[in-house]
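One structure below.
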Amino acid sequence: MSAFSHFSYWVTIFLMIGGLYIVIARGNLVKKLVGLAIFQTSVYLLYIAPGKLIGGTAPIVADGFQVYSNPLPHVLILTAIVVGVATLALGLGLAVRIREAYGTIEEDEIADQDRATEREERGA
């Protein structure tokens, strides 16, 4: 077996590492959400890749067919995509509210504003 025969797994690993790096290394909340979406996409690919069988047919019992594909991974991924879109929408909604409250979506600036508010409350 060559490395090219596992191409989908290499793409999955690349997307997973890239998405995780974006989530960890970026301070912008929208960029973090994009990284999370990329990471979720890699998980979808990880489940879908082994679900496809070459020469497999739909799991309808009939004469002349020996290899059947399992539809369960595809159904689970459809559900996961819906949950992922809802999570992304909620995250973007929270980013909008944070922007309204703090005037920025950068983590460092939000933390600085919180620390300044804490200092003012302790000093008062």
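Please indicate, with yes or no, whether at least one residue in segment 32-44 is within 22 Å of Val82 (Cα to Cα), without any contact (Cβ under 8 Å) to a residue 60 or more places away in the chain and over 11 Å from the mean Cα position of the chain (by Cα).
No - not one qualifying residue is present in segment 32-44.
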Worksheet item: Considering only residues of segment 24-47 that are in contact with a Lys or Arg (Cβ under 7 Å, 6 or more places away or on another chain) and modelled with pLDDT of 95 or more, which is farthest from Asp108 (Cα to Cα)?
Response: Gly35
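The values are calculated or read from the model by the stated rules, or taken from the named source; none is laboratory data. Small disclaimer: the values here were computed from a predicted structure and weren't measured. Cβ atoms come from the backbone with ideal geometry, glycine included; neighbour counts cover every protein chain shown.
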